[in-house]
């Protein structure tokens with residue numbers, strides 16, 4: 001496995017369904033052996049991209065390269081990609097063993113080699129001794145293991161997963177996610193994993209590509225995207241952070257800017273080039289909010305408590321900043337439990353915890369200081385029924 | 001709840017049970033009587049029979065008239081079921097697996113023969129067949145019967161294919177199957193029991209068909225239902241009870257088979 005070799009390359013990939021542009025020219029590089037998560041709200045185009053890579057639908061324009069080979073116009077069979085669906089899509093009339101060996105049979109493996117490979121895969125996914133069972137005799141988690149074994153059996157260069165844990169309950173989801181990490185470590189297959197669950201993306205992926213309205217908003221490691229979000233959408237959708245409007249005053253070169261926020265002049269980190277944008281958002285992570293009041297360089301906030309929620313280990317406090325909007329704070333239990341709804345509270349955020357992002361996406365979201373939930377865009381992915 | 005209310009609801013429960021029992025009795029008594037009558041050795045219908053035996057069945061087996069009518073019915077019913085399946089299958093795939101325009105309307109039109117008044121349709125068919133000089137031909141009757149057999153395929157196979165996720169074919173293709181192989185090896189294979197069940201029901205519908213044959217069958221095309229009608233005109237031959245019993249037994253078995261097929 002060569003960490004610098006490119007496993008999958010999307011070049012200006014676009015797909016329209018009539019007048020609806022589901023994917024609007026996406027560029028993406030996934031390295032060999034990498035686990036990349038495509039994260040986005042429903043309708044963001046992530047499932048369409050997956051179907052384009054798999055070959056279930058053809059791009060309107062652009063290219064798909066797998067290990068340098070242009071597969072844009074090939075049939076799904078020719079691409080040699082393993083695929084795992086949310087609802088498992090096991091062949092109900094075939095046993096576990098028959099399901100796993102289906103791809104091997106289609107690819108002309110001799111029977112003896114098929115059998116030993118099936119045993120090997122069943123062992124890998126922890127389904128030893130179940131090869132004679134039918135899918136309907138298995139639990140949801142077991143079925144997803146079969147689907148995974150089936151997709152990996154023929155040693156694909158690329159594994160695509162479409163919300164594979166979405167149909168499982170929470171506890172099983174966490175266990176299966178750990179299993180996925182282990183199997184990925186053992187096999188080193190390049191994985192593109194689609195989900196709308198940011199926790200899943202955060203825990204599973206080497207890198208996350210965040211999709212928004214048919215485009216990739218940002219790509220980076222979960223930690224980078226969380227701690228220094230480059231865009232407003234990444235800050236709210238991936239980080240779940242607070243956004244407070246501010247004005248850019250000084251653009252400095254070392255990745256720091258000065259902004260006027262809530263009438264104070266503070267320094268903030270900037271994840272992307274902000275030149276030319278006077279209006280910005282200041283991103284405030286809920287855990288970075290503390291009780292107290294000190295002079296600059298910190299940002300001081302006067303707010304009114306509107307709700308407190310004990311979540312075990314910390315208290316989630318919703319406040320109202322006069323004239324600005326809501327602010328979510330995660331306070332330590334000893335600070336948060338004493339707060340009364342309706343009481344005034346003095347909060348502060350260290351300037352090292354502040355990030356400034358551009359405010360250009362105004363047109364498609366309402367101006368609010370709250371992290372805007374995913375825009376209720378049309379579910380265009382469902383239109384991908386043209387295969 | 002007061003005791004009066006409890007008494008009332010108990011009464012209603014008893015009443016509804018009684019109605020159900022009465023309905024079942026009403027439905028099954030004629031069946032039972034026909035079966036008993038068929039094992040009578042009398043030459044006229046009389047209940048209860050004085051002497052039991054298999055005279056009706058022997059007479060049926062020995063009569064050229066009845067045997068040839070059964071053969072004719074089979075000659076009609078088999079091709080009819082085949083035509084219904086061959087026409088219905090691609091239609092069902094098109095309704096469920098393509099983005100065919102107006103597909104809801106077309107699917108509904110596939111069910112229309114269930115709702116059409118049979119006699120009115122038969123009169124129209126007769127007028128048309130007369131123009132084409134195909135009144136009294138086997139092919140003409142097969143085509144007419146295919147119309148009433150088609151909805152069985154549309155309903156039964158349509159319901160089955162709706163339970164097969166389109167993802168299965170996609171997964172098969174990603175595993176290396178061609179599109180045709182994915183469709184036949186997976187989707188077609190999974191709806192095959194439903195196709196066989198639909199075939200059986202279409203066959204029974206055609207075998208049992210008594211309206212169209214009277215209009216477009218002409219005087220010479222005598223299927224079993226037609227033969228029964230004709231024989232009634234000459235008075236009631238107790239042999240009919242034997243035929244009725246055989247028909248019910250065969251139909252019952254075929255329906256059981258069809259239900260079993262749909263479950264697999």
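Bear in mind that the values in this text are calculations on the coordinates, not laboratory data. Fair warning: this is a prediction, and the values are worked out from it, not measured in the lab. All Cβ positions, even for glycine, are placed from backbone atoms using ideal geometry, and neighbour counts span all protein chains on display.
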Please sort B:118-129, A:234-245, B:77-88 by packing, taking for each peptide the average over its residues of neighbouring beta carbons within 10 angstrom, highest first.
A:234-245, B:77-88, B:118-129
Taking Cα atoms only, helix A:111-124 is inclined relative to the longest principal axis of chain A by an angle, in degrees rounded to 10, of 30
Mean separation of Cα contacts under 8 Å (6+ apart) over length of chain A, as relative contact order %
17
Taking R0 as 45 Å and r as the Cβ-Cβ distance between residue A:112 and residue A:60, the FRET efficiency 1/(1 + (r/R0)^6), rounded to the nearest 0.05, comes to 0.50
Compute the Cα gyration tensor for chain B, then decide on rounded, prolate or oblate, letting a ≥ b ≥ c be the square roots of its eigenvalues: rounded whenever a/c is under 1.5, prolate when a/b is larger than b/c in the other cases, and oblate in all that remain.
oblate
Rounded, prolate or oblate for region A:211-331? Axes are the square roots of the Cα gyration tensor eigenvalues, ordered a ≥ b ≥ c, and the cut-off for rounded is a/c under 1.5.
oblate
What percent does the relative contact order of region B:12-83 come to when contacts are Cα pairs within less than 8 Å and at least six residues apart?
16
Rough spin-label spacing in nm, given labels placed 7 Å along Cα→Cβ, for residue B:26 and residue A:174
6.1
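For residue B:130 and residue B:44, FRET efficiency with R0 = 35 Å and r from the beta-carbon atoms, rounded to 0.05?
According to the calculation, E is roughly 0.30.
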Let me check against my output: what whole-number percent is the relative contact order of chain B, with C-alpha pairs under 8 Å and at least 6 apart?
29
Protection proxy (average C-beta count within 10 Å per residue), highest first, orders B:141-152, B:53-64, B:16-27 as B:141-152, B:53-64, B:16-27
Peptide A:52-59, shielding by other chains (average Cβ, 10 Å cutoff):
2
Pairing the Cα long axis of helix A:140-153 with the longest principal axis of chain A, what angle in degrees results, from 0 to 90 and rounded to the nearest 10?
60
Could you state the number of Å between the C-alpha centres of region A:38-87 and region B:1-65?
64
Distance between modelled label sites at residue A:337 and residue A:187, nm, 7 Å Cα→Cβ extension
4.8
At a Förster radius of 25 Å, what calculated FRET efficiency corresponds to the Cβ-Cβ distance of residue B:106 and residue B:162, to the nearest 0.05?
0.95
How would you classify region B:43-149 from its alpha-carbon gyration tensor, with a ≥ b ≥ c the square roots of the eigenvalues: rounded for a/c under 1.5, else prolate if a/b is greater than b/c, otherwise oblate?
prolate
What average count of beta carbons from other chains do you get within 10 Å of the Cβ of residues in B:81-91?
0
Specify the angular offset, from 0 to 90 degrees and rounded to the nearest 10, of the alpha carbon long axis of helix A:170-187 from the longest principal axis of the alpha carbons in chain A.
60
Once each part is reduced to its C-alpha centroid, what is the distance from region A:180-249 to region B:187-211 in angstrom?
53
Tell me the label-point distance for the pair residue A:29, residue A:67, using the 7 Å Cα-to-Cβ offset, in nm and rounded to one decimal.
1.9
Fully extended, how many nm does the chain gain between residue B:181 and residue B:9 (0.36 nm per residue separation, minus their Cα-Cα distance)?
56.0 nm
Count, for each residue of A:101-111, the Cβ atoms from other chains sitting within 10 Å of its Cβ, then give me the mean as a whole number.
3
